[in-house]
Amino acid sequence: MAQSQGWLRRYFKAFCKGFFVAVPVAVTFLDRVACVARVEGASMQPSLNPGGSQSSDVVLLNHWKVRNFEVHRGDIVSLVSPKNPEQKIIKRVIALEGDIVKTIGHKNRLVKVPRGHMWVEGDHHGHSFDSNAFGPVSLGLLHAHATHILWPPERWQRLKSVLPPERFPVPTSEE
């Protein structure tokens with residue numbers, strides 16, 4: 001009996017050591033490197049959730065890639081909602097600081113994106129709450145870069161950073 005208690009004690013001690021090392025490592029990884037998230041809604045159709053309400057894509061969010069606020073036009077990014085800080089939204093970067101963008105339903109027809117900001121839109125314009133509703137977004141709200149679709153398996157793919165041809169920034173006189 002004493003021998004089985006010794007084995008159990010050693011097992012419990014080893015488990016605790018592993019647990020108290022693994023949990024902080026896992027939390028740090030998920031917070032600083034990458035995590036997964038389920039995409040809900042129709043705002044990014046057809047790129048994400050093409051099946052509508054029947055399906056939800058699960059994407060890989062790469063935190064490491066945006067640690068220096070380096071984003072490019074066409075990237076699909078996750079960011080803190082400017083209207084509800086409790087919520088994360090996923091949108092496509094349309095324009096970066098200094099770009100002039102032709103808006104869709106915004107109060108101003110043309111908007112120059114201020115320094116430290118970006119213009120984001122959903123791919124499904126009729127069903128997207130994006131910069132056309134709340135204006136340019138601060139780079140400080142950037143959460144992660146969506147790089148791959150992980151679920152469902154038949155949709156496994158790398159997400160492309162493609163800017164729709166009709167959404168290119170307006171050329172300025174300086175160019």
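The values are calculated or read from the model by the stated rules, or taken from the named source; none is laboratory data. Everything numeric here is computed off the predicted structure, so don't read it as measured data. With ideal geometry, Cβ positions are generated from the backbone for all residues, glycine too; neighbour counts draw on all protein chains shown. Note: areas computed on protein heavy atoms with side chains; ligands, DNA, RNA excluded. Shrake-Rupley method; radii C 1.70, N 1.55, O 1.52, S 1.80 Å.
Descriptive notes on the structure:
- Given 13/65; 17/88; 88/112; 102/160; 13/88; 65/112, the pairs whose alpha carbons are separated by over 28 Å: 13/65; 17/88; 13/88
- About the Cα centre, charge dipole magnitude for the stretch 76-175 (Lys/Arg +1, Asp/Glu -1 at Cβ), debye: 140
- Accessible area expressed per residue, the stretch 106-175, with surrounding protein chains retained (probe 1.4 Å, Å²): 61
- Between 45, 103, 87, the Cα set farthest toward the positive side of the dipole of the stretch 15-117 (charges on each charged residue's Cβ, about the Cα centre) is that of 103.
- Each Lys or Arg adds one and each Asp or Glu takes one away; over the other residues whose Cβ falls under 11 Å from the Cβ of residue 51, this sums to -1.
- If you run the Gaussian network model on the chain, springs between alpha carbon atoms under 10 Å, then out of 136, 165, 46 the most flexible one is 165.
- Net charge of neighbours whose Cβ lies under 9 Å from the Cβ of residue 78, counting Lys and Arg as +1 and Asp and Glu as -1: +2
- For the stretch 40-79, the solvent-accessible area works out to 49 Å² per residue, with a probe of 1.4 Å and every protein chain left in place.
- Loop GluC sites (Glu not before Pro), the stretch 73-157 (other Cβ atoms within 10 Å of the site Cβ: 16 or fewer; DSSP): 86, 97
- Helical runs assigned H by DSSP (4 residues or longer) give the chain a calculated mean residue ellipticity at 222 nm of -6500 deg cm²/dmol, each run adding -39500 (n - 2.57) before division by the residue total.
- Per atom type, the chain shows carbon and sulfur on 59% of its accessible surface, probed at 1.4 Å.
- Dipole check for the chain: with +1 at the C-beta of Lys and Arg, -1 at the C-beta of Asp and Glu, and the Cα centre as origin, the magnitude is about 720 Debye.
- Rg/Rg_ref, the chain, where Rg_ref = 2.2 N^0.38 Å and atoms are Cα: 1.36
- Between the helical axis of 2-32 and the longest alpha-carbon principal axis of the chain there is an angle of about 10 degrees.
- Across the stretch 60-76, coupling constants 3J(HN,Hα) worked out from phi with the 6.51/-1.76/1.60 Karplus curve, θ = phi - 60°, read 8, 9, 9, 6, 4, 5, 10, 4, 9, 6, 8, 10, 10, 4, x, 5, 9 Hz, and Gly and Pro carry x.
- Karplus (6.51, -1.76, 1.60) ³J(HN,Hα), θ = phi - 60°, over the stretch 99-110, in Hz, Gly and Pro reported as x: 6, 9, 10, 7, 7, 10, x, 7, 4, 10, 5, 10
- Two-decimal Rg/Rh across the stretch 63-160, once Rg and the Kirkwood Rh are taken from alpha-carbon atoms: 0.97
- Phi angles of the stretch 131-138 translate, via the Karplus equation with coefficients 6.51, -1.76, 1.60 and θ = phi - 60°, into HN-Hα couplings of 4, 5, 9, 10, x, x, 10, 5 Hz per residue; Gly and Pro are given as x.
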